[in-house]
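Structure first, commentary second.
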Amino acid sequence: MKRSRLAVAAPVAVVSIIALAGCAGGGGSGASSDSKELTVWVMGDSSAHFDELVAPFAEKSGITVDTVAIPWDAVDQKFTTAVASGNGPDIIQIGVSKLRTFAESGALLTLDESALADYPNLASDNFLDGVAGDATAVAGDVVSVPWVSDTRVLYSRTDVLAENGITEPPATWEALRTDAMTLAGRGDGQYGYYIPQWDSSLPVIMTWDQGGQIVTDSGEIDFDTPEFEAAVDLYTGFYADGSVPTNADFDQTQGFTSGATPMLVSGPYLANAIEAAAPELDGKWTVSPIPSGTDNTSLLAGSNLGVWGSTDNKDGALSLLDFLSEPETQLTWYGIDSQLPTVKAALEDASLTADPLVAVYAEQLKDSALLPLVPNWDGETGKALLDALNSIVLTGTDTKTALQTLFDATSGTSID
């Protein structure tokens, strides 16, 4: 799938190690061998909050939950090592973009209807449409259950927009581009919009909003479409207009709070970062649905939870997943860690819908889609996409040449 030998060799080596370990049935030495213990790998820095969340479960069940925090940037290495050594947890958090890679490892327990029959909270129709059941199945096997949801919306500094004669956040991509040019006209170091050069989801969102898809009916990745071409024109147009910063290390939170980039598309975590970094901006910014083109579909992201296949405490692990999927538990998690639920009953709870920011997210989640569940999206397909776009806007590569390179790099990539 990749052009360079190194880029090809690394994933193959990883998959080979994973496959061998998967065939060996995993090990489980890191998992608990005691039916009264569970080891859970939680990604990021939420371990203390997770301990608080599962305390009632531990007290009621008598099962001790050992939470281990894994930094997001160490996930791939930690998982690969765990699969190769068999030293995995009982339960593992899985970023949605990595689900295919995790599924193909063979290290996770298949969560079919028979496995979940005694755990009513894990029924797929309890979850937000599109995040459970077949949506998380790879080769027909469901290997995880939804945990937290995430989507992208438009953040706007309403005070900065108003000072420049813009009375409301733009509702369309065309209006956003126009407003961004107006705001970029404020002077040196001032822009209208921010594009994260590391985020491959934005050009995909733009493609969806042009009415296109990047996966064919037969399951193959295909960027060679008129809708993707329109998305590329939109994406590169912001740079051509001088509306976005070009430095790769630009800090999106700082840019937003300073007003240098008063509009950007991001997820719920940015709201927390803004509130922490600049509480004085309360009332001076807002979120609104993703701008529309033909459609206004946004990204459906978040993470799932899977059970390590060789766990010695399968029943305990599924019981914990069942507890974590209770609406009340998901609302508690939002309250202590600000992560949006995946259970419909929790998303519809008045405590969430009464919050205008959350209400925007909840509404956008109804029109959101997953990135294609291809192997190693971040390291291969998504990287090839960003390489092509960044080469156009940052180094001046001819658009036709850059896109042909992208087409060649992703040819044959399939979700099947």
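Listed by chain and number, the lysines placed with their C-alpha closer than 18 angstrom to that of Lys60 are Lys36, Lys314; residues fewer than eight positions away on the same chain are left out. Within a straight-line Cα-Cα reach of under 29 Å, Lys284 can be paired with the following lysines, leaving aside sequence neighbours fewer than 8 residues apart in one chain: Lys366. Dipole magnitude for region 272-355: computed about the Cα centre from +1 point charges on Lys and Arg Cβ and -1 point charges on Asp and Glu Cβ, it is near 240 debye. Which percent of the accessible area of the chain is formed by carbon and sulfur heavy atoms (probe 1.4 angstrom)? The computed percentage sits at 49. Springs between alpha-carbon pairs under 10 angstrom, Gaussian network model over the chain: which of Asp322, Asp76, Asp355 fluctuates most? Maximum fluctuation in the GNM of the chain, among the listed residues, is at Asp355. Straight-line cross-link reach from Lys98 at under 20 Å between alpha-carbon atoms covers these lysines, not counting any fewer than eight positions away in the same chain: Lys2, Lys78, Lys383. Projecting label points 7 angstrom from Cα along Cα→Cβ for Asp129 and Thr294 puts them 2.0 nm apart.
With a cut-off of 11 Å between beta carbons, the residues surrounding Ser200 carry a summed charge of -3, where Lys and Arg count +1 and Asp and Glu -1. Based on DSSP H segments of at least four residues, each scored -39500 (n - 2.57), the chain has a per-residue ellipticity at 222 nm of -13000 deg cm²/dmol. Sequence-distant contacts, meaning Cα pairs under 8 Å at least 6 residues apart, place the relative contact order of region 173-310 at 32 percent. When the Cα positions of Gln190, Tyr269, Ser391 are compared along the charge dipole of the chain, Ser391 comes out farthest toward the positive end, with charges on each C-beta of Lys, Arg, Asp and Glu. Considering only Ile70, Ala48, Ala58, the residue lying farthest towards the positive end of the dipole of region 44-106 is Ile70, judged by Cα position with unit charges set on Cβ. Average accessible surface for the chain: 42 Å² per residue, computed with a 1.4 Å probe over protein heavy atoms with every protein chain in place.
The values are calculated or read from the model by the stated rules, or taken from the named source; none is laboratory data. Remember, it's a predicted structure, so these values are computed and weren't measured experimentally. FYI the Cβ positions are ideal-geometry reconstructions off the backbone, even for glycines, and counts take in every protein chain you see. The accessibility values were calculated without ligands, DNA or RNA, using every heavy atom of the protein model including side chains. Shrake-Rupley method; radii C 1.70, N 1.55, O 1.52, S 1.80 Å.
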